[in-house]
Structure formats: structure tokens, C-alpha cells
Amino acid sequence: MSREALTKMTKIEVVARTVDADAVRRQIVAAGATGYTSLPAVTGLGHHGAHEGRQLFNDRDALTLIITVVPDDRADDLIEGLRSLLDLTAGVMFVSDTFVSRPHYFR
């Protein structure tokens with residue numbers, strides 16, 4: 001199957017502190033996204049050093065990856081809202097074009 005048979009949309013991925021993940025998810029829902037995937041206890045190395053997965057009794061230092069896909073016409077408002085949120089707290093956002101096979105799932 002080629003991409004020509006698929007529908008272009010925008011994928012937004014946010015890595016945020018777990019304590020901020022609900023605020024990210026609320027913005028995604030408020031923007032009209034039909035869903036998201038949330039992966040707790042992600043690990044990695046970034047601007048603030050290494051992050052381990054969830055540590056016992058310590059959600060504050062853990063990170064969560066939240067992924068959503070939205071139609072292009074809903075992306076800009078969501079991106080702006082998430083940028084404003086991330087200006088106030090730690091976290092990163094990645095935005096990319098993606099192609100989906102079931103566009104009605106995302107409208």
C-alpha cells in the first residue's frame with residue numbers, strides 16, 4: 001500500500017513530567033482530538049540529563065509520552081496550546097506529518 005491511498009494528518013508527541021500529563025491530555029481532548037495514547041514511565045536522555053522510568057513512590061520525576069493524531073485543520077490550535085503549557089513546565093513536543101488508513105477514526 002502506498003501513502004497515496006492514505007490520509008495525511010498531524011501527529012503530535014509530548015514528553016512531559018507525569019504530574020503534567022493530565023494537563024496535556026485535557027488540552028488534546030479540548031482541541032477535539034478523538035483519542036490519544038499515553039505511555040507512562042518513559043526513559044531517556046535529554047536537556048536535563050538522564051531520566052529513569054517510574055521510581056517507586058515518585059511520580060514527580062517520572063516522564064510520560066502522550067501521542068495524538070489530529071486532522072491538519074485542528075493541529076495549529078492544539079500546538080499553540082501545548083506550547084503555552086510547555087512554556088510553564090518541563091517537557092518537549094514533536095510535531096510531524098503522518099498518514100492514516102482510517103481517517104474517520106480521527107475526525
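Do we have any residue at all in segment 77-95 that's surrounded by fewer than 18 Cβ atoms within 10 Å (Cβ to Cβ), aromatic (F, W, Y) and either touching a residue at least 40 places away in the same chain (Cβ under 8 Å) or in contact with a Lys or Arg (Cβ under 6 Å, 6 or more places away or on another chain) (or both)?
Yes: segment 77-95 contains one or more residues that are surrounded by fewer than 18 Cβ atoms within 10 Å (Cβ to Cβ), aromatic (F, W, Y) and either touching a residue at least 40 places away in the same chain (Cβ under 8 Å) or in contact with a Lys or Arg (Cβ under 6 Å, 6 or more places away or on another chain) (or both).
From the residues in segment 1-21 that are open to solvent by 30 Å² or more (accessible area, probe 1.4 Å) and within 11 Å of the chain's Cα centre (by Cα), which one is farthest from L86 (Cα to Cα)?
K11
Pull up segment 43-66, narrow it to residues that are crowded, with 16+ Cβ neighbours inside 10 Å and among the hydrophobic types (A, V, I, L, M, F, W, C), then point me to the one that is modelled with the lowest pLDDT.
Looking at the filtered set, the residue picked out is A62.
What residue, among those in segment 24-42 that are crowded, with 16+ Cβ neighbours inside 10 Å and touching a residue at least 40 places away in the same chain (Cβ under 8 Å), is farthest from F106 (Cα to Cα)?
The extreme case among them is V24.
The values are calculated or read from the model by the stated rules, or taken from the named source; none is laboratory data. The shown structure was predicted, so the numbers you read here are calculated from the model rather than taken from an experiment. Using ideal geometry, Cβ is built from the backbone for each residue, glycine included, and neighbour counts are taken over all protein chains shown. Side chains included, ligands, DNA and RNA excluded: accessible areas come from the protein's heavy atoms. Shrake-Rupley method; radii C 1.70, N 1.55, O 1.52, S 1.80 Å.
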